[in-house]
Every structure is written in structure tokens, then in C-alpha cells.
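Asker: One structure is given below, represented as C-alpha cells, and several questions about it will come after.
The values are calculated or read from the model by the stated rules, or taken from the named source; none is laboratory data. As the structure is a computational prediction, the values presented were derived from the model and not from experiment. We place every Cβ from the backbone using ideal geometry, glycine too, and count neighbours over all the protein chains shown.
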Amino acid sequence: MQSSRGFDLFLKGQIFIAVALLLSINVCMGSEYSSSESEAFLKFITAVDPQDKLKVSHENIASKPHPCLHRWKGLKCNSQATTILEIWLENLDLGGILDSDSLCKLPNLRVISLARNQIRGTIPNSILYCRKLTYLNLSSNHLSGSIPMALTKLKHLRRLDISNNYFTNSFPYYKDGFKQLSFHSGESSSFVNLMDGLPPSDNPVATQKPQQERWTKWIPWIIGIGFFFLFIYFVDKRGCEARGREPELVFFVEENERFKVEELLDATADLRSQSLCSNLFKVSLKNNGPYAVKSLKKVQVSLEEFGETMKQIGNLKHPNILPLAGYASTNEEKLLIYKYQSSGNLLNLLDNHIKGEKEFPWRLRLSIAGGIARGLGFIYQKFGDQEGIPHGNLKLSNILLDENDAPLISEYGISRFEDPKRAAGLYPSKGYTAPERSMTEKGDVFSFGVILLELLTGKTVEKSEIDLPKWVKAIIREEWTGEVFDKGVAKAAKQWAFPVLNIALKCVSHSPEDRPTMTEVLEKIEEIVNAQEHHSNSSESCNGSRDEDCCPLHSIISETWDTPGSNY
């Protein structure tokens, strides 16, 4: 047992050393690649094809995380579609320049062929940073200037064709045995085959190198590769968590609504919004209709913890919470999948009302407020003694609307994966965040109170970045409470708007201890909704009576905490 344990430790030590050596080689060879492959590829294409004949634009690149996922003709990638290996853009009438600075930032590029185009300019000296190139074909273009010496420093280059251009000099002669070539206004044949070099009789330098020397330089690589595969086997055997996993879709919907990863990757994706930590796409599947796919970046959480949280959220079913259809996760990326809602969000509705483009009657406002309260109340009632997941980012744009204008709370649970130290700075507007900046139920109550004030006043925090609670309290202190309400809140509805205002002010109290729970908020809003319905049904029989049985508004105001303005 002891000797076996010692051998196991020795094996692990050898694997660690081999992997460290390989990683150090990769770091040294790839240190100059400061930007992502997507950015580098886009810059290269923009330079070589300024007229966008290839139809590769910023929008197309942004629609998927990596160029390999677009499967463009002429672009060859590895089997995992994670890195570019070959670029074949021949006879396409491209009229730009060769941007080798961007080209050489593709870390695994082996082949580049731009033959038979209209490419102008020179071959930049920075081509020497394309260190893994084995094949380069720039023939039959309009390249000019001097042939750079950098081409002779590409150690892995085996085939080079730069014929039929307009260079002003000949191919440099170096001791490596390259044959000297002449150029005459692009008419000469300037093809160099570096795969085998020249015949030994014509290449004295090559004959001086022993055959065994060629093999000697590959020995460290062979050993390193052997240890690498041993490491892979060891990792698979032990089930190491550090190794990346293939993306796997997990669904919370019926079988007929599910689809495969390949269908998702092949679907048309339209980038709808982009932020520091996420991208939102509208994805149109062939047989399953449109979906909203949220791509989370820089998520510092284990796959197991992420999966457990998604399971908790996916099983949370309520008419006023946007259901999570499914998710996919790897070490590098997390995808959240929802059914796409075509009716827009509450911010758009209120904004269109302010512009005079759409009616937003009081009954719809109160109905939406009640729906949001029911959804939030369900979240905190559902978990009971179990630790619940606060929303943490409630705002108008995160309240979607279904085809019946019923509210759907979106983005639920995402804030849990954000770095708490940076979370406050990630919100588009700080106007919804409670003073204590904590992700708790009382923090969500504050945000909900701001949404209520927006529905009452017609002012949007996300657009104006106004401190809405402060503004409303200032109006009330001046005893102009009636001026708080938006023009859409008709005179007949103001009697119901006052108790809602009272609830909103209690929700945005500075101290968390002074705020109600979501259960208490929901009870008060439902009292107002029920009283309004009762009043509508009995208005004809009451004939303007001030009897509380007919017009219960006064009892509601007296029972709804403090009246507006009493504490401000």
C-alpha cells in the first residue's frame, strides 16, 4: 500500500511537471495575443474586405460568441468550434489590405490563402508573429513594395506562394537554403516549397545537417504530448472538476418543447442587449419558435452550485414569473433559456404612454402592480424557512408583458451570480437600489415601491435617473400631493391612487425595518383592488352615498399604515 501510494504521488508529480511545461510553452508563444479571436478575426476581415462583400459585420459576429459557430464557408476550425485553424478566401474580389497584426492574433492559425483577389498594399513585417503558419498563399493580387525578411523567420512555414504580384525586390537569400527568386512586375513565378527544401545537391547547408538532428528537436514535444495524454486519462479516471465539460441542455418544460444543442447553435440569433456581464439574444429555432437566450459572462460559481440554483428557479412556477425553460452551462459560459415575449416590457409601455402613443389606464396600472406583488409574494412564501433567492434587480425593463398585458417578472435569480462588490455598479440605473444595497426581501420591497411610484407619477427612473422617492416626498411636504399623479390617473381614479401611493411610500422607507414584507404589501394592494371592484359593482345603487359599505375607500386609507405625507 505504501509503495503504491508513493508511485501514485510520483505519477501525479510527473504529470504536474509535464502540464506545467506545456502551459509555460503556450504562455510564452501566446503572450502577444491580447484580444479575443472574435475581435482579431473581425479586424482582419474588415481590413481585407472593406466593402463587406463577405457579409461579415459587427452585428453578425456579435450574434454568436465565436466566429467558428457561424460556420462560414472558407473558415475551418477545430472539432469543438473553439479556435480558427484555416482561412480560405480565394477568388472573391476582395480589395482591402493584409492586416497581419490582427491575423497573427489568431493563436492557432495554420493556413491562410487569399489567392486571386485584388488585395493591395504590402506584406507587413508583423507577419513574423504568425508563428504557427504552415501554408501561406498570396498569389495573384496587387501587393507591392519589398518582400519582408520576416517570411524567412516563420519556422513552421512549409509552402509559400507570393507569385503574380508587384514586388520591387527578389525573395531574400538565406543560409537555410531557400532558392533566390526574381520578380518582374508580377510576371515571374515565385513559388517556394519549403516542405522538403531543395535537393541535397543544390542545398549545401541542408546536406550538412545530420538526419538525426531533425528528430532530436521533436523529442521534448513527443514526451510532452505523451504526458499530456496521460494527464487527460488521469483526469477522466478521477473525474476532476477542473476539466471543462461539453454543454448539456437541462429543461424545465414538456418534452415537445425541448431541443438539442446543435439546433440552438445553428439557429438565427439576434443580439438584443449587451452589458458587462451578459448578452441577450433572440434566437429563432426552426420548429420551436423564438426564444430569449441570456448568455452570462464571468460567472464565478461552480457548475454544481449553478445547476442547483437553476433547478430551484426552474421549478418555481407562477403566472407572474417568467418561467425558465432551460439552461446550459460549461466552465466558460452559462446560458439561460426563456420563451420569447413579443409584447415588450413595462418600461416600453409607460414610455409610449408618456409620448402619447398608447393609453395606459388606471385599471391596467393597478392590475400590473397587483401581478408584480403576487409574483414577488409567491417567491418569498414558496421557500418558507428555506433560504430564498432575492431578485436583486427589479425595474420596469425587467417586467415583461404577456399577450394579455399581464406582468411577468424576468431576470429572477441572475443577481445571485454577480460579484457583491461590483453588483451596485452593474445596474443601468441606481434609482431602484435600496440605501443599504443588500440583496434581500426588504431590498426587493424598496425596488417594488419605486415601480409603484413610476406607475403613479408616469416618470421612468431608467430613462431620467431621477431619485423618485425623494421627488415624491418633496411634493408631499409642500402639500401638493394631488400633483404627484400622472395625467393618465384620471380624477375618478385618484381616490384609489392615494392608498397605492401610501403603500409605495412605506415600501421606499429609508430603513429596512420600516418597510413591510411582500406578503403585507400584497394584502394591501388586493384590498384596494377588491374595494375598487366592489365600488364599481355597487356604484349605481349607492348613487353617490358616502356610506362605507358602498364606498369603502375611507376605511382602506385609515387601515393602510400612515396617510400620505404624515411622516414626510
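Asker: Please give the number of the condition His318 fails out of (1) part of a loop (DSSP other than H, G, I, E, B); (2) touching a Phe, Trp or Tyr at 6+ places or on another chain (Cβ under 9 Å); (3) modelled with pLDDT under 90.
Answerer: (3)
Asker: Same structure again: Does any residue of the range 243-252 turn out to be under 23 Å from Thr82 (Cα atoms), without any contact (Cβ under 8 Å) to a residue 24 or more places away in the chain, among the small types (Gly, Ala, Ser) and not in a helix (DSSP H, G or I)?
Answerer: no
Asker: Mind telling me which of the residues Leu456, Leu396, Leu376 ends up being under 19 Å from Lys524 (Cβ atoms), modelled with pLDDT of 85 or more, touching a strand residue (DSSP E or B) at 6+ places or on another chain (Cβ under 8 Å) and surrounded by 21 or more Cβ atoms within 10 Å (Cβ to Cβ)?
Answerer: Exactly one of Leu456, Leu396, Leu376 is under 19 Å from Lys524 (Cβ atoms), modelled with pLDDT of 85 or more, touching a strand residue (DSSP E or B) at 6+ places or on another chain (Cβ under 8 Å) and surrounded by 21 or more Cβ atoms within 10 Å (Cβ to Cβ), namely Leu376.
Asker: Taking the range 507-523, which residues are buried (at least 22 other Cβ atoms within 10 Å of the Cβ) and of a type outside the set (A, V, I, L, M, F, W, C)?
Answerer: Answer for the range 507-523, where residues must be buried (at least 22 other Cβ atoms within 10 Å of the Cβ) and of a type outside the set (A, V, I, L, M, F, W, C): just Arg515.
Asker: Hey, among Asn331, Asn345, which residue is touching a residue at least 12 places away in the same chain (Cβ under 8 Å), surrounded by fewer than 20 Cβ atoms within 10 Å (Cβ to Cβ) and touching a helix residue (DSSP H, G or I) at 6+ places or on another chain (Cβ under 6 Å)?
Answerer: Asn345
Asker: Looking for whichever is at pLDDT 90 or above, basic (Lys, Arg), farther than 30 Å from Lys494 by Cα and surrounded by fewer than 19 Cβ atoms within 10 Å (Cβ to Cβ) here; the options are Lys286, Lys260, Lys298, Lys339. Which one fits?
Answerer: Lys339
Asker: Only strands (runs of 3 or more DSSP E) wholly contained in the range 71-139 count here; list those with 2 or more residues that are touching an Asp or Glu at 6+ places or on another chain (Cβ under 7 Å).
Answerer: It comes to 111-113.
Asker: Quick check, is Pro552 modelled with pLDDT of 95 or more, assigned by TED's automatic domain parsing to the domain that holds Ile379 and surrounded by 13 or more Cβ atoms within 10 Å (Cβ to Cβ)?
Answerer: no
Asker: Among the residues that make up the range 365-372, is at least one of them closer than 26 Å to Cys277 by Cα, in the same structural domain as Glu454 (by TED's automatic domain parsing) and buried (at least 20 other Cβ atoms within 10 Å of the Cβ)?
Answerer: yes
Asker: If you go through the range 277-290 one residue at a time, how many are within 15 Å of the chain's Cα centre (by Cα) and either part of a strand (DSSP E or B) or closer than 18 Å to Asp402 by Cα (or both)?
Answerer: Residues in the range 277-290 being within 15 Å of the chain's Cα centre (by Cα) and either part of a strand (DSSP E or B) or closer than 18 Å to Asp402 by Cα (or both): 6 in total.
Asker: Moving on to the next point. Determine which single condition Tyr174 fails, assuming it passes every other condition in (1) modelled with pLDDT of 90 or more; (2) more than 24 Å from Pro50 (Cα to Cα); (3) surrounded by fewer than 18 Cβ atoms within 10 Å (Cβ to Cβ).
Answerer: Condition not satisfied by Tyr174: (1).
Asker: Specify which of the listed residues (Glu441, Glu411) is modelled with pLDDT of 90 or more and within 23 Å of the chain's Cα centre (by Cα).
Answerer: Criteria check complete, one pass: Glu411.
Asker: Moving to a separate point now. Report every pair of residues separated by at least 6 positions or lying on different chains whose Cβ atoms are under 7 Å apart, first residue within the range 431-443 and among the polar types (S, T, N, Q), second modelled with pLDDT under 95.
Answerer: Thr433/Ala424; Thr433/Tyr427; Thr440/Pro390
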